[in-house]
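Below you'll find the structure, written out as structure tokens, and then a few comments.
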Amino acid sequence: MKKLLLSCAALVLAANISELKAQGATCEEATAMPTYVDGSTIPNGAWYNYSVTEASMFPSSAPVGLEDGNILIYEGCGGRSAIKMSTNTYYLEPGKEYKVFLKLRSSDFFFPSATSMANAPAGMYCVKPIVIDGNGLGIAQSIGGARTMWYQIEPAINAPLKVLSSDIGNPLSPNVTKVVTKHLACDGGSNESNELLPQQTYLKAGVNLVGVTTDAACSIMFQLDGFSAAGCGNNPAYAPVIELNTESAIANAYYVVNRRFVVPEDGNYTFTLNAAEGSVLSIASVVVNENNKKVCDFDTNPLSVEVGENNTASVVGTFKKDDIVILYADESGVLADGTPSLKVVKGGTPSTGINNVKSSSRDLKLSENPTDGLFTITSTLLKNGAEIGIYDMSARRVWASQAKAGSDSFDVDASNLVPGTYLVVVYGPDRSASAKLIVK
């Protein structure tokens, strides 16, 4: 009798497995997307094939209350995720066959359909952001509650961003619950606010897409708290202090941070950056210029170093007691293991110039270099489209361009640049790469 019961159970299990396979139990077994999906028939989820004829948002609507991750979309089995614009909502491109995984509750009925982005209102999705120019910063912007609205901000410098409710003095006013920033593109390198500071994140110089979520409809304001390392920008006293022999954690983000170090006694000091490969650490003394203003001296003895595959790099400088030193760290991406940090210790053999910044890296090569004008950038980061910037040793951007997707090389005319040493930076979708350029 027991054997008979086990046999019956095995038959039922086999039948269930067969049914799931017919509905797409694995990505490779995906079936055509039906007109509607009954959640009770796919208790373990199911895979479907789906495509669109024009740029679209999918789904047009989903069952209310689904948790994030109940709808997953990929560009083929094992391919990258489709561009995610908000919870369970994706941007689909025409001409691609997507693999869609659905896991619904047993009570859900889902009618899958896509909405053309041509009909989508501005701000609702990252591919149709509301542009906030310099005049719009600090001005109240209306926002609906309980969903993410997208904006485009293009700062001239790297800067922290705060998004505040315009009625912040009222304790009963709606709150900003989350801010996400993506550099250049919807699938670009991104930073996200945390639970302690849900209104604050970071922007890179150039085009940024900013997704803001509030817990109710209200008005919000964008506030940039910038500190430009070029010429020290704001008063150097505003930069956070780093103490000798103390490791200072910095944001694990695609961003630039700075620290201020006051030299306790004459001597050599070693400055170390632990961060993602390709990140660059630059050191400059703070001096008083002819206008009696404190500025960073990146010209007299520019010191820079690039982080390699071991995720750490150091540079050594000689300073006098009470000198003020600015540490300027341009992080190329997120460090996968551990926490990025800066540290200063006494001692070391002085470095010279930016000799430790490579003329090429695994992700970026320059030819001709040195150059008297024309050179070519070769980088895998260019294939999906990327922003390119050239910076002088005072950290000023002196040239910029946008590369279209499709090629891994880009020709540059640098004939207008004065002879000297520069940094070339390619900002890819999820990381950046830099290399030293010599202009003759």
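None of the figures in this text is laboratory data; all of them are computed from the coordinates on show. Bear in mind the structure is a predicted one, so any value in this text is a computation, not a measurement. We place every Cβ from the backbone using ideal geometry, glycine too, and count neighbours over all the protein chains shown.
Using modelled backbone amide H atoms (1.01 Å from N, in-plane), which distant-in-sequence or interchain residues come within less than 5 Å of Ala140's amide H?
Under 5 Å from the amide H of Ala140: no residue qualifies.
Past 23 Å, Cα to Cα: identify those pairs from Lys96/Lys178; Lys128/Lys204; Lys204/Lys346, in the order given. Mind showing how you got there, number by number?
Values: Lys96/Lys178 31 Å; Lys128/Lys204 20 Å; Lys204/Lys346 32 Å.
Over 23 Å Cα-Cα: Lys96/Lys178; Lys204/Lys346.
What does the charge count around Lys320 come to, taking other residues whose C-beta lies under 12 Å from its C-beta (Lys +1, Arg +1, Asp -1, Glu -1)?
Net local charge, Lys320 excluded: -3.
Which stretch or stretches of segment 79-97 have amide N atoms under 13 Å from the point lying 7 Å from Glu54's Cα along the Cα→Cβ direction?
It comes to 94, nothing else.
Put +1 on the Cβ of each Lys and Arg and -1 on the Cβ of each Asp and Glu in segment 360-439; which of Leu382, Phe410, Thr371 then has its Cα farthest toward the positive end of the dipole?
Result: Leu382.
What does the charge count around Tyr269 come to, taking other residues whose C-beta lies under 14 Å from its C-beta (Lys +1, Arg +1, Asp -1, Glu -1)? If you can, show how the numbers build up before the last one.
On the way: positive: Arg259, Arg260, Lys320, Lys321, Lys343, Lys346; negative: Glu243, Glu265, Asp266, Asp322, Asp323.
So the surrounding residues net to +1.
Give me the dipole magnitude in Debye, nearest 20, for segment 130-224 about the Cα centre, with unit charges on the beta carbon: positive for Lys and Arg, negative for Asp and Glu. It would help to have the intermediate numbers written out before the result.
Details: 5 positive and 7 negative charges, 11 e Å.
With only Lys, Arg, Asp and Glu charged at Cβ, the dipole is about 60 debye.
With r defined as the distance between the Cβ atoms of Ala122 and Asn416 and R0 fixed at 30 Å, what FRET efficiency is calculated, to the nearest 0.05?
0.25
Taking 56 Å as R0, compute the FRET efficiency from the Cβ-Cβ separation of Val64 and Asp372 and round it to 0.05.
My answer for the efficiency is 0.30.
How large is ³J(HN,Hα) for each residue in segment 136-151, as worked out from phi by the Karplus curve 6.51 cos²θ - 1.76 cosθ + 1.60 (θ = phi - 60°), to whole Hz, x for Gly and Pro?
x, 5, x, 9, 4, 10, 6, 9, x, x, 6, 8, 8, 10, 10, 10
Given +1 on the Cβ of Lys and Arg, -1 on the Cβ of Asp and Glu, and no further charges, what dipole in debye does segment 21-118 carry about its Cα centre, rounded to the nearest 20?
Charge dipole, segment 21-118, about its Cα centre: 100 debye, nearest 20.
For Ser106 and Asp337, what does the FRET efficiency come to when R0 = 35 Å and r is the distance between their Cβ atoms, rounded to the nearest 0.05?
Calculated transfer efficiency: 0.30.
Please give the net charge around Pro63, taking every other residue with its beta carbon less than 14 angstrom from that of Pro63, where Lys and Arg add +1 and Asp and Glu add -1.
In short, -2.
Charges at C-beta only: +1 for Lys and Arg, -1 for Asp and Glu. How large is the resulting dipole of segment 360-439 about its Cα centre, in Debye rounded to 20?
240
Find how much the distance from Glu247 to Ser40 grows on full extension, using 0.36 nm per residue of separation minus their present alpha carbon separation; answer in nm with one decimal. Walk me through the numbers on the way to the answer.
On the way: separation 207, 0.36 × 207 = 74.52 nm, distance 5.39 nm.
That pair, Glu247 and Ser40, stretches by 69.1 nm at full extension.
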